[in-house]
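Here is the structure we will look at, set down as structure tokens.
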Amino acid sequence: MNIKNVATTPFTDQKPGTSGLRKSVPVFQQTNYLENFIQSIFATLEGYKGKTLVIGGDGRYYNREAIQTIIKMAVAAGFGRLLVGQGGLLSTPAVSCVIRKHHAFGGIVLSASHNPGGPTGDFGIKYNIGNGGPAPEKVTDAIYEYSQTVTYYPIAEVGDVDLDTLGTTQLHDTVVEIIDPVADYAELMEQLFDFDQIRDLFATGFRMRFDAMHAINGPYAQEILVKRLAAPADTVMNGTPLPDFGGGHPDPNLTYAHELVEVMNGDNPPSFGAASDGDGDRNMVLGSHFFVTPSDSLAVLAANATLVPGYRGGLAGIARSMPTSQAPDRVAEQLGIKCFETPTGWKFFGNLLDAGEATLCGEESFGTGSNHVREKDGLWAVLFWLNLLAVRRESVATIVRDHWQKFGRNIYSRHDYDEIDNDSAQVLMAGLREQLTSLPGAQFDGYRVAYSDDFSYKDPIDSSVSTAQGIRIGFNDGSRIVFRLSGTGTKGATLRVYLERFEPDEKKQDQDAQQALADLIAIADRIAGIRRLTGRDQPTVIT
Ligand code: G16
């Protein structure tokens, strides 16, 4: 078999963002674009020869073509074994699970997560390291640096591999193994949760809907919920992964998972509703006529963790991203465990999980996970909730309201302004940075600014420092407004405004978040000039 060296020249736009390299499909389809980035990953790694690489994606448009190229390049690079999900499919948490279980050197995940797919939709590539988690910044920086000087890439001259048939093929010095994408993951879930108890719950006639949004978690949910947990056959909706997600936007929030939201807010709704995203790492949790914010979800899971077999021994600590509400902090305080505040991006949880400092992690962006893998995990969160429901036999709303009574409610919302002009976004953020020293002490409608800063984080394990991670403005009553630009969008800029207010009074906790946060929403606009600078008078998405 021949290994060919193909000459190439760099692309200037291959800097990974919050979660890998995300671009539109036509960008990835440019000659050598994908190959350059893969070569930059391989060239940056040390000591991988003869070792195992896991490859899989969320099945979006261009997944199969990209996998064939990556297999040929991995063979040329000298990996010993490639574990590839059947049909080219593996959810992001399953990649993490497979890397850890098979002691792989690393893995390549093909996904643009919750971004739409299809010929003009988005595609993405992420490299995960041997702990199963996203490569840390020092690795992604090195990949980018190499991509700016790449001159050639080696590729094996072989035919395409049959991705659909389980089994192994020898290509040069590399064994290519097509694996069942669900088996290892499902086995891990059985170890963490009480499947007997959940089966008992379904046996009582308990109804749930899981919206896979025509994305990767369809087959996982079918196997675990319907087959192993005996949930009713109509539990999984939109369960077949499609290259364009059926034309939808596979983002499990109140706007894009509207089909599920309508069911849960309709007549005679199921008791429990959940959805996950393109690559299966995000989750949204709903009760009948009730939405659980991701921040509250993390706090509730943490407060109830010892009811679930995998966490019976208690939690070492909780970690949340900075813009996530401070609800989990209150649980940590009461449990007497540590709570960490990290920048946005799951990669920042890896060190804390590896060091045993944190057990549960979560983000406001519909991400929740634990030390069972090193990615956030959509179906894991759903099973965690199911296990709680099976133990407590109360409604989702009762469990959350009961939590608020015990801990107080952090009323929370995120406002996204999508696809705004890049320059205006920079002007807005620069304007905020200029005000950081003058804001403390300023009064806004009875709210006094207690502090304002641009969040920076020193990793407690490796001491690496990440600066400029978002503007925080905190008020004397504990309320908070956070501004940051998304690192995952592919068109223009996305401004995210995170709003939070603490409500300890039980009688006032059951109010609508937008109404409860109306003052802070107006203050955010006054301080940042959102309407003036973006030309928008409303957010694109409110969660
Ligand atoms: C990724 C990251 C998350 C992050 C989210 C939103 O999630 O893994 O840690 O919270 O993006 O990031 P941003 O606010 O920068 O757009 P996913 O599900 O897209 O991989």
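Of a type outside the set (A, V, I, L, M, F, W, C) and over 23 Å from residue 404 (Cβ atoms): does that describe residue 258? Steps first, please.
Values: of a type outside the set (A, V, I, L, M, F, W, C): yes; over 23 Å from residue 404 (Cβ atoms): yes.
Here the answer is yes, as residue 258 does meet what is asked.
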Could you give every pair whose Cβ atoms fall below 8 Å, whose first residue belongs to segment 385-401 and is touching a residue at least 12 places away in the same chain (Cβ under 8 Å), and whose second residue is of a type in the set (Asp, Glu), counting only separations of at least 6 or pairs across chains? 387/194; 390/194; 390/200; 391/194; 400/296; 401/510
If residue 401 satisfies every condition in (1) within 24 Å of the chain's Cα centre (by Cα); (2) farther than 22 Å from residue 489 by Cα but one, which is the exception? (1)
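Here is a yes/no grid of residues against (1) without any contact (Cβ under 8 Å) to a residue 12 or more places away in the chain; (2) aliphatic (A, V, I, L, M); (3) surrounded by 16 or more Cβ atoms within 10 Å (Cβ to Cβ); (4) closer than 30 Å to residue 462 by Cα:
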| site | (1), (2), (3), (4) |
| --- | --- |
| 134 | no, no, yes, yes |
| 142 | no, yes, yes, yes |
| 157 | no, no, no, no |
| 165 | no, no, no, no |
| 170 | yes, no, no, no |
| 182 | no, yes, yes, no |
| 189 | no, yes, yes, no |
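Taking the criterion of being touching an Asp or Glu at 6+ places or on another chain (Cβ under 7 Å), within 16 Å of the ligand (Cβ to nearest atom) and in contact (Cβ under 8 Å) with a residue 12 or more places away in the chain, would at least one residue in segment 473-488 satisfy it?
Within segment 473-488, the first condition is being touching an Asp or Glu at 6+ places or on another chain (Cβ under 7 Å), and the residues that meet it are 479-480.
Next cut, within 16 Å of the ligand (Cβ to nearest atom) only: none.
No, segment 473-488 contains no residue that is touching an Asp or Glu at 6+ places or on another chain (Cβ under 7 Å), within 16 Å of the ligand (Cβ to nearest atom) and in contact (Cβ under 8 Å) with a residue 12 or more places away in the chain.
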Starting from segment 439-461, take each residue that is under 30 Å from residue 357 (Cβ atoms) and list its partners that are among the basic types (Lys, Arg), counting only C-beta distances under 8 angstrom and pairs at least six apart or across chains. 451/472; 452/472; 453/472; 454/433; 454/472; 455/472
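Could you check segment 303-330 and list, in sequence order, the residues that are within 12 Å of residue 410 (Cα to Cα) and away from the ligand (no atom under 16 Å from the Cβ)?
Our first condition is that a residue be within 12 Å of residue 410 (Cα to Cα); within segment 303-330, this holds for 324-330.
Listed by number, the residues that qualify are 326, 327, 329, 330.
Can you report the number of residues in segment 258-292 which are more than 14 Å from the ligand (Cβ to nearest atom) and assigned to a loop (DSSP other than H, G, I, E, B)? Talk me through it step by step, then tell me what you get.
In the first step, residues of segment 258-292 are kept if they are more than 14 Å from the ligand (Cβ to nearest atom); the result is 258-274, 285-292.
In the following step, the residues that additionally are assigned to a loop (DSSP other than H, G, I, E, B) were identified as 265-271, 288-289.
Of the residues in segment 258-292, 9 are more than 14 Å from the ligand (Cβ to nearest atom) and assigned to a loop (DSSP other than H, G, I, E, B).
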Residues in segment 263-292 that are of a type in the set (Val, Ile, Thr) and in contact with an Asp or Glu (Cβ under 8 Å, 6 or more places away or on another chain): how many? 0
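What about residue 107, is it under 19 Å from the mean Cα position of the chain (by Cα) and either crowded, with 18+ Cβ neighbours inside 10 Å or not acidic (Asp, Glu) (or both)? Let's see the steps before the verdict.
On the way: under 19 Å from the mean Cα position of the chain (by Cα): yes; either crowded, with 18+ Cβ neighbours inside 10 Å or not acidic (Asp, Glu) (or both): yes.
So residue 107 fits the description; yes.
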If residue 34 satisfies all but one of (1) modelled with pLDDT of 95 or more; (2) within 16 Å of the ligand (Cβ to nearest atom), what's the number of the condition it fails? (2)
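The values are calculated or read from the model by the stated rules, or taken from the named source; none is laboratory data. Here the structure is a predicted model, which means the values were calculated and not measured. Methodologically, a virtual Cβ is constructed for each residue, glycine included, from the backbone with ideal geometry; neighbour enumeration extends over all protein chains shown.
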